[in-house]
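Read the figures in this text as sums done on the coordinates, not as results from a lab. Predicted model, so just to flag it, every value in this text is computed and none were measured. Cβ atoms come from the backbone with ideal geometry, glycine included; neighbour counts cover every protein chain shown.
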Amino acid sequence: MSVRNVISRGMTLARSVFQTCFGKPAVRVAAKVRGEGFRVGPPVHTVQPRTFLPSHYRHYRTSLSGLAAQLHSGSFRRMFGSPRNRAVFLAFGLGVGLIEQQLEDDRRSTAACQEIQALFSKKTFQNPLKHFTSGYKLEDYVIGKQIGKGCNAAVYEAAASFAVPRESRTSSLVRMKLGSDDRQEDDRELRNCSVTDYPLAVKMMWNIGPGSSSDSILSAMSHELVPAGPLALKERNGAAVVDGYFGDVPRRVSAHPNVITLYRAFTAEVPLLPGAKEEYPDVLPTRLNPAGLGRNHTLFLVMKNYPCTLGQFLEDSLPCARTGSLMVLQLLEGVDHLCRHGIAHRDLKSDNILLEFDSGGNPRLVITDFGCCLAERDCELKLPFNSRWVNRGGNSALMAPEIATAIAGPSVVIDYSKADAWAVGAISYEIFGQPNPFYGRNGLDSSRYQEWQLPPLPHYMLTDTQVVVKLLLRRNPKKRPSARVAANMLHLSLWGAQSLADRDIGSTKEMADWLLCRSAVALLTDRYPNGSTVEMELQKSFLSNVTLEELRTSIAFLLFGREKHMFQSGFA
Ligand SMILES: Nc1ncnc2c1ncn2[C@@H]1O[C@H](COP(=O)(O)OP(=O)(O)OP(=O)(O)O)[C@@H](O)[C@H]1O
């Protein structure tokens, strides 16, 4: 064999070692080494490019050290004198060196990513009423008119001398920009004035449960307290106290820009509020309506007063492609935050999403109404479904397939970890001006639909957002991205990581570099040049949660969706 051939073989070996590091089947390395006359152990694992993770590098390093040890062994030393084997060995060394380099890059990038996460996690979202110590009784509030009503509560606008959050003033004063109808404009202006004069909303739960004591109120309604801020409840020795009762409150979620924060929660005697006798006479106590079924005391929740719900907003507004994507992204960020706290909302719908505008006029979305959520302390998003009487959640039309098709049995457990993300996929249709495909008499049934039956999304939507929505609505939760991964996909798509997402796989270093750029932007600015604080909040949320592995998975999902153009034909 000519020297030229030997060197070329050695380089081929080096290349194949190198390629192995980037996901080519490792079995080829083993074959190559065998071809050179060395005895090698069983081939190392075959790894597909898109699932190549830092742990695999560690695995390769171990395997390659094994190979290197064999090369030093007696059989190798006998052959070591030949130029051919020297070349092969040098080439092999080069390959191992490249792997080491890759590992080092990996370590540095992971460390950079962890630092970014730690930095942005510290910048937590603040509760504007934190420093006030009053507001735990109904008399502290001036109650205005009714602003909403559901199956379990009536909501009133409210004001309190101690609470005039500056933030709500700025956001509420922004006039809604969309819509041309004069009457609607007037209505909206009226609502905005009301939000300014009454910056708070008081939700009065209807208590038709077994008792009027704080004890029974809490045990029946404790899920409403999941978004309670740090001072919402009086606390004693670390336990929540409502009117002296130490309640067993389920998990609580920390403050997040896309999740409602309860400023205060307390029990009080049910008052006769405006419209009560006309709107909800049956749930009033006999003291106020002799035919009423309600109890004398109930739970009151105080939160920020929002100008409208997502449903109300969409009645006469159609967000543009980018704004719509930002709205979907906010919902995903909110859902991801809940998942991280082990909470599944289970009743996501456009009426349970409140909306306000930031100082740049961009919609900010907030998930509210936790009455149906799964937040038990011992359950990490898993619900033992051993009887058909176990409550699977609120809105049956928007129940993810894995929940809707679950059949009760002795060891059946329902996993809610991707259920809310699925509901966000369905709500996205509404955000982009389409009817929700799972609503109405002719709507799809979430337990039975096929993915190809999903109606096409409007063409004006960004391609990547269409991909995300279709992936969120995959029936099989294993093939569906989590809320975090789906949110990352939109971040990649919206904030100029085109080069990263366009490549087959961005290297770990490229990903870390991109994250560092995003961090620098987020640290230097409070709002975007277009005045959007919403975009800045999204960036901070992303940076405080991002991991390189999830980012890599997001890129893989994005490429998968784009490649197949499945947004046109379903993902079956
Ligand atoms: N903070 C708020 N600011 C403005 N409006 C609100 C606020 N909270 C609730 N609302 C309005 O009140 C309505 C009912 O509130 P909510 O959904 O919390 O009640 P519910 O009885 O628990 O509802 P459900 O029937 O979904 O169980 C909402 O759809 C919304 O229109």
Taking R0 as 35 Å, what's the FRET efficiency between L516 and Q434 from their Cβ-Cβ distance, rounded to 0.05? 0.35
Could you state the principal axis extents of the C-alpha atoms in the stretch 247-349, from the largest down, to the nearest angstrom? 53, 39, 21
For the stretch 307-458, averaging the sequence separation of alpha carbon pairs under 8 Å that lie six or more residues apart and dividing by its residue count, the contact order in percent is 25 percent
Given backbone amide H placed at 1.01 Å from N, residues whose amide H is under 5 Å from that of L299, ignoring those fewer than 5 places away on the same chain, are M205
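With r defined as the distance between the Cβ atoms of K478 and H341 and R0 fixed at 22 Å, what FRET efficiency is calculated, to the nearest 0.05?
Values: r = 23 Å, r/R0 = 1.04.
After rounding, the FRET efficiency stands at 0.45.
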Taking 0.36 nm per residue of separation and subtracting the Cα-Cα distance, what length does fully extending S121 through Q450 add? 114.5 nm
Kirkwood hydrodynamic radius of the stretch 292-371, Cα pairs, Å: 14.3 Å
